Amino acid sequence: MAATNDEEILEGFLCPICKADLKSASQLTSHFESLHQEEQDVLKSLKEIFGKAKKIILNNDDTDLKETFDRALKFSYQESYYLNEEQTVGVCRSTTDYLKAVRGARLERYATETNKLLIRLDKLVCNMPTEPNQRKLHEQEVVPWLDGSSVKLCPNCAKAFNLTRRKHHCRLCGSILCHDCSLFLDIDIARAVVDPSAPHASNQPEQEITEKNGLRLCEHCFNLIELRKQVQDTRNAKTVLMTAYEQMRSLMDQARPAVAMYEKMCQSLFDGETTYNLTDVNAMRGRIGKLAEGIDLLSKQIATFPTDPGTRQARLQNSIRQAAAHYIKEDLLSLRKLPTEAQIEEVRRQRYERAERQIKMERERMEKQRDRMEELAGPSVSRVNNDDDDDNPLLEQMNIIRGYIKEARKELKFEEVAILEANLKELKKEYQLQKLSSKS
Amino acid sequence: MNVIQAVKLYITKMTEESGPGMKVILMDKDTTSIVSMVFSQSEILQKEVYLFERIDSHSKWDNMKHMKCIVFLRPTSENISLLCRELRYPKYGVYFIYFSNVISKADIKTLAECDEQETVREVQEVFADYLAVDRHLFSFNIAGCLHGRSWNQHHLQRCAQGILALLLSVKRRAVVRYEAASEPCARLAERVRDLLRREAVLIDNNIPFNGEIPTPQLLIIDRRDDPVTPLLSQWTYQAMVHELLTINNNRVSLAHLPEVHKDFKEVVLSSEQDEFYAKNLYSNFGEIGQTMKSLMDEFQKKAKSHQKVESIADMKHFVEQYPLFKKMSGTVTKHVTVVGELSACVTRHNLLEVSELEQEIACQSDHSKHLQRLKNLLSNAAVRHHDAAKLVGLYALRYEKHASNALPSLIEALKNRGVSEQLIKSVINLLEYGGAHARQSDLFGLQDAVKITKRLFKGLNGVENIYTQHTPLLKDTLEDLIKGKLRENLYPTMGGDDGAYGRRPQDIFVFIVGGATYEEALCVHQINQTYSGVRIVLGGTTVHNSTSFFEEVKAAMQGVHRTHTRHIRNV
Ligand SMILES: [Zn+2]
Ligand SMILES: [Zn+2]
Ligand SMILES: [Zn+2]
């Protein structure tokens, strides 16, 4: 944009709107105020410029220590305009149903296949003869083996069969494969897979699984069974870690309402109420302490379960401990201090005195009013309320506002009129209430 | 319209939907930043999220089936394939997947096909797709969004998606307006409009049309219209820290300081997690120093009466007596370190003097005086080369068309004081980037009678604070918009003006292509407080300080031939 990069010098106090020269700052301000009301913001900034004292950045005032302290700590940051809005979680869109539809259609195939294999596996391991030849017969009875006479190469690794590379069969699908391509499924594990309720075979330490104690399977069948086993494992695995963790969480769930209750009881004591006594609140405090100890103990236990350092599992256990320690420190150990018996006494005494005073004042007021009523009751009963009202501050206030309204009307400031009228109405209502209460 | 709250609500929702149990959150680089802007690690730990993993890390497979996995990713094709790999060999028991933006059906299908173990429980789009810097400030952390004056396509897409997400996250419809003179603004406005159209059903279903209040407005403007604001030294806490120490995702590195305590090598400055910071981020530097000193004195006084804090019992006791201490002591020490460094910078580099001249050049009009003082400062060895270049840049912009413009001699002066060629080139780049030819607004108030007079008054009556005279151009733009006076020919509405023009909007989103600044964030904060009912959220491709702004300008001017500075022959 071609700026008329001016440097033209403007002298004097020109009105920014009509460019009249007003000779002085104050004249300009008043001119502005009366003639250009719509430019309120400009006016405001003019006033600011004229009105404010110079303030510099390096503030050397020695403000009272205590005051600064309080001011710095008081959290007045939540300005009004943010509180106006109750914010709810933003827009979300779920595509879970679509995913499940696609996945379901696809997995159905696998599921039928896995089921077929499981039925076969069940038949295989149930009553399996130990004698090798009988076992072979049993296996072929359950799953017929493919005729391999025309197969020259292992279908999996494509190496030729010969004297050293002999043909074998997968016990679950009956397909042909070489020894190198075979995988062996531990028969004990196989039993566990088909009957998860059966007692788990004691894990033999690192025993190699061979033809003897295992089932020869092709990779495909092995994977399907392995997957099935994993799903079962996850379902059944309730490890020590899980148990300890759940216990810890349950203690935390108990601690939360306990702390809230404690705060409530404590506040009640400080307010001088008699709902709870010190012993109650102390007992509550003790209970929270117990819960904190329990959480502390369990989380320490979790942190020391044996794992290899640096693994995810180790990091998990550390994090749980860290979170628990933080929770104990922030939520359970930072409880408010209880008042002493003496403090409580003092608060209650003050509260009682306050109430006393209030009752006394009320009584005096009522009596005064009755006296007045009686005084006035003589000559002019009908005008009782009007005479004693001349000095009522509410009336005075109302008159002032009426004056404002008149002025605002004259200047056609109707928005102002509306606000003032509303105020006047409020005052009238208040005044009538006052009259009613003084009558009774 | 609190953007921090919006992101927090999404993340809380994610941690809650998966139910009780040990959780891990699996994220990418971007979503890690998004989350870390609004939650501290200890806050997330309290939500039973114990592990933070990156989808692109190549750590070894572990069986962690006892954990629930919350996946939070941007919907990029790279992330989809990484997630497929994860689902094929799942480490965790179940997966709750959240994408930070719209994801295609094809991608869901790909995921479904990989989920042979049926570990996925949820797939959702949540729209936490921006960095929530403050409650009214967001950024995409894109440095150098333009290349050769036009969008890097990848960045354009990122911004459009992010703005769509912003609107959805605070549940607002919006008409899109943009700076007419800026090509990049027009491109972004179009892209946002297209995305809004594509998601019309989602918007209609979730954000009911409210005829009672004026439609919120999204205003897209160009940094090139105000290249001055990012150049000025700052005196409010947040802005000053960013200018002198650089804030990156709410983190400030102090590792370069000698003798810095190991806890403060990197400090987190977040108004959500740090009350002192929240309270003081807009305070000026002097006030903060004072507050801090008082706090320290107070604490030391108290600490003296309770020296013995060794056992847990002692600690408990101490904390019971001074719950405030527990809250504040850590943060106060941190701020003491930061403020100490700022203060050292100010003295070391004559920043008060530099700032005073910057403000005067930006806000007043006195060529010969400014030139003289500028020359003096250039010969002052304590002034950093960076500040020297900044000052010359400001001068170049302010007096670009002045009859006695002395830019060549100032450049000579920069050369003489040993300023790098790179930095000198920045001055020229700046002029090409944001000179008079590139601006549609009256940045220096040279044409507007009101502004001219205002400036005159300032000169006559003195100013409130010589270091904070400047108000960003954004203030005028926003006030015009609030009053329904922002001109339709300069800031047209996408799809034509449907009567929205002239209606005073209450909810406003303003996005600066080329980056926003903390000074502008402060300005928006003040407007929000001044105009009741008005809520403005400011965003930028990034949040600049002067250093990053020079980089931005450099990227934007890459490969562009000099057309407006050819007469300056000594560069
Ligand atoms: Zn006038
Ligand atoms: Zn097989
Ligand atoms: Zn083979």
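The values are calculated or read from the model by the stated rules, or taken from the named source; none is laboratory data. Since this is a predicted model, take the numbers as computed values, not measurements. In this analysis, Cβ positions are derived from the backbone assuming ideal geometry, glycine residues included, and neighbour counts consider all displayed protein chains.
Among the numbered criteria (1) within 12 Å of ligand 3 (Cβ to nearest atom); (2) within 28 Å of A:Gln232 (Cα to Cα), which single criterion is violated by A:Leu153?
(2)
I'm trying to understand the selection: among the residues of the stretch B:65-83, which are over 13 Å from B:Ile25 (Cβ atoms) and among the hydrophobic types (A, V, I, L, M, F, W, C)?
So the first thing to find is which residues in the stretch B:65-83 are over 13 Å from B:Ile25 (Cβ atoms), and the list is B:65-66, B:74-83.
Across the stretch B:65-83, the qualifying residues are B:Ile80, B:Leu82, B:Leu83.
Give the residues of the stretch B:206-261 that are part of a loop (DSSP other than H, G, I, E, B) and crowded, with 21+ Cβ neighbours inside 10 Å, sorted by residue number.
Hits for the stretch B:206-261 are B:Pro216, B:Asp226, B:Pro227, B:Val228, B:Leu232, B:Ser233, B:Gln234, B:Trp235, B:Asn250.
Can you pull out every residue in the stretch B:397-420 that is crowded, with 21+ Cβ neighbours inside 10 Å, away from every other protein chain (no Cβ under 14 Å) and assigned to a loop (DSSP other than H, G, I, E, B)?
If the condition is that a residue be crowded, with 21+ Cβ neighbours inside 10 Å, away from every other protein chain (no Cβ under 14 Å) and assigned to a loop (DSSP other than H, G, I, E, B), then B:Val419 is the only one that fits.
Quick one: would you say B:Leu111 is more than 11 Å from every other protein chain (Cβ to nearest Cβ) and modelled with pLDDT of 95 or more?
No; evaluated as a whole, the condition is false for this residue.
Take the residues in the stretch A:177-197 that are part of a loop (DSSP other than H, G, I, E, B) and not polar (S, T, N, Q), then tell me which one is nearest to ligand 2 (Cβ to nearest atom).
A:Cys181
Being in a loop (DSSP other than H, G, I, E, B), closer than 29 Å to B:Asp115 by Cβ and not aromatic (Phe, Trp, Tyr) is the requirement here; does A:Pro144 meet it?
No, not satisfied.
Between residues in the stretch A:213-228 that are within 11 Å of chain B (Cβ to nearest Cβ) and under 16 Å from A:Tyr110 (Cβ atoms) and residues that are in a helix (DSSP H, G or I) and within 16 Å of ligand 1 (Cβ to nearest atom), which pairs lie under 7 Å by C-beta distance while being six or more apart or on different chains?
Partner pairs satisfying both residue conditions: none exist.
Which of the numbered conditions does B:Ala382 fail, given that it passes all the others? Conditions: (1) within 21 Å of B:Glu243 (Cα to Cα); (2) in contact with a Lys or Arg (Cβ under 8 Å, 6 or more places away or on another chain); (3) part of a helix (DSSP H, G or I).
In the conditions (1) within 21 Å of B:Glu243 (Cα to Cα); (2) in contact with a Lys or Arg (Cβ under 8 Å, 6 or more places away or on another chain); (3) part of a helix (DSSP H, G or I), B:Ala382 misses (3) alone.
Of everything in the stretch B:59-74, what is of a type in the set (S, T, N, Q) and touching a residue at least 24 places away in the same chain (Cβ under 8 Å)? Give them in sequence order.
Within the stretch B:59-74, the subset of a type in the set (S, T, N, Q) is B:59, B:63.
Hit for the stretch B:59-74 is B:Asn63, nothing else.
Select from the stretch B:90-107 the residues that are farther than 21 Å from A:Ala101 by Cα and part of a loop (DSSP other than H, G, I, E, B) and list them in ascending order.
B:Lys91, B:Ser100, B:Asn101
Tell me, yes or no, whether the stretch B:122-133 has at least one residue that is surrounded by fewer than 18 Cβ atoms within 10 Å (Cβ to Cβ) and in a loop (DSSP other than H, G, I, E, B).
Scanning the stretch B:122-133 turns up no residue that is surrounded by fewer than 18 Cβ atoms within 10 Å (Cβ to Cβ) and in a loop (DSSP other than H, G, I, E, B).
For the stretch B:156-171, enumerate the residues that are more than 10 Å from chain A (Cβ to nearest Cβ) and polar (S, T, N, Q).
Residues satisfying the conditions are B:Gln157, B:Gln161.
Closer than 30 Å to B:Asp115 by Cα, at the interface with chain B (Cβ under 9 Å from one of its Cβ atoms) and among the basic types (Lys, Arg): does that describe A:Arg93? Steps first, answer last, please.
Numbers: closer than 30 Å to B:Asp115 by Cα: yes; at the interface with chain B (Cβ under 9 Å from one of its Cβ atoms): yes; among the basic types (Lys, Arg): yes.
Judged against the criteria, A:Arg93 is a match.
Residues checked against (1) on the phi > 0 side of the Ramachandran plot; (2) among the acidic types (Asp, Glu); (3) surrounded by 14 or more Cβ atoms within 10 Å (Cβ to Cβ); (4) within 16 Å of ligand 2 (Cβ to nearest atom):
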site: A:Ala111; (1), (2), (3), (4): no, no, no, no
site: A:Lys116; (1), (2), (3), (4): no, no, no, yes
site: A:Lys123; (1), (2), (3), (4): no, no, yes, yes
site: A:Met128; (1), (2), (3), (4): no, no, yes, no
site: A:Gln134; (1), (2), (3), (4): no, no, no, no
site: A:Gln140; (1), (2), (3), (4): no, no, no, yes
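State all residues of the stretch A:156-176 that are within 25 Å of A:Ala190 (Cα to Cα) and more than 8 Å from ligand 2 (Cβ to nearest atom); if no residue qualifies, say none.
Those that are within 25 Å of A:Ala190 (Cα to Cα) and more than 8 Å from ligand 2 (Cβ to nearest atom): A:Asn156, A:Lys167, A:His168, A:His169, A:Ile176.
What is the one condition in (1) within 26 Å of the chain's Cα centre (by Cα); (2) crowded, with 19+ Cβ neighbours inside 10 Å; (3) over 20 Å from B:Gln359 (Cβ atoms); (4) of a type outside the set (Val, Ile, Thr) that B:Ala389 does not satisfy?
With respect to (1) within 26 Å of the chain's Cα centre (by Cα); (2) crowded, with 19+ Cβ neighbours inside 10 Å; (3) over 20 Å from B:Gln359 (Cβ atoms); (4) of a type outside the set (Val, Ile, Thr), B:Ala389 is out only on (3).
Please indicate, with yes or no, whether at least one residue in the stretch A:214-233 is part of a loop (DSSP other than H, G, I, E, B), more than 23 Å from B:Tyr92 (Cβ to Cβ) and either modelled with pLDDT of 90 or more or more than 16 Å from ligand 1 (Cβ to nearest atom) (or both).
For the stretch A:214-233, residues part of a loop (DSSP other than H, G, I, E, B), more than 23 Å from B:Tyr92 (Cβ to Cβ) and either modelled with pLDDT of 90 or more or more than 16 Å from ligand 1 (Cβ to nearest atom) (or both): present.
Is there a residue in the stretch B:534-549 that is free of Cβ contacts under 8 Å to residues at least 24 places away in the same chain and among the hydroxyl-bearing types (Ser, Thr, Tyr)?
No, there is no match, as no residue in the stretch B:534-549 is free of Cβ contacts under 8 Å to residues at least 24 places away in the same chain and among the hydroxyl-bearing types (Ser, Thr, Tyr).
Output the residues belonging to the stretch B:234-290 that are within 14 Å of chain A (Cβ to nearest Cβ), acidic (Asp, Glu) and without any contact (Cβ under 8 Å) to a residue 12 or more places away in the chain.
Matches in the stretch B:234-290: B:Glu287 only.
Quick test of your reading of the structure: A:Asp180 fulfils all but one of (1) away from ligand 3 (no atom under 11 Å from the Cβ); (2) loosely packed, with under 12 Cβ neighbours inside 10 Å; (3) at pLDDT 85 or above. Name the failing condition by number.
(1)
Looking at (1) at pLDDT 95 or above; (2) out of contact with any strand residue (DSSP E or B) (no Cβ under 8 Å at 6 or more places or on another chain), can you tell me which one B:Ile70 breaks?
All conditions pass for B:Ile70, except number (2).
Would you check which residues across the stretch B:518-571 are small (Gly, Ala, Ser), surrounded by fewer than 23 Cβ atoms within 10 Å (Cβ to Cβ) and not in a helix (DSSP H, G or I) and list them?
Matches in the stretch B:518-571: B:Ser532, B:Gly533, B:Gly559.
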